[in-house]
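Contents: one structure, followed by commentary.
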Amino acid sequence: MPKKNLQFGTRFITAKATWDEDDPSHIRRMAFMLGAGAAPLFIYFAGGSLVYWLNAMGVVFNLG
């Protein structure tokens, strides 16, 4: 959770929020590494089933 000294700024299209990093138990790097390792495995093993399920429900994305 961000500290109370949150700074928030907006422009025409974008929004930006910055805050001081408060990680007292130092798990940010480990959480990043586990997430980066788990994402490809999730896509490889569950991605096909997820696409099949979405197509069976009628969801089609035209990316071309």
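The calculated FRET efficiency for the pair THR14 and PHE45, based on their C-beta separation and a Förster distance of 25 Å, comes to about 0.10. Ranked by how many other Cβ atoms sit within 10 Å of their own Cβ, fewest first, the residues LEU63, LEU34 fall in the order LEU63, LEU34. Computed 3J(HN,Hα) for the range 26-38, one whole-Hz value per residue from the Karplus formula 6.51 cos²θ - 1.76 cosθ + 1.60 where θ = phi - 60°, is 6, 10, 4, 5, 5, 5, 5, 5, 5, x, 5, x, 7, glycine and proline marked x.
Bear in mind that the values in this text are calculations on the coordinates, not laboratory data. Just so it is clear, the model here is predicted, and its values are computed rather than measured. Heads up, the Cβs are rebuilt from the backbone with ideal geometry, glycines too, and the neighbour counts pull from every protein chain shown.
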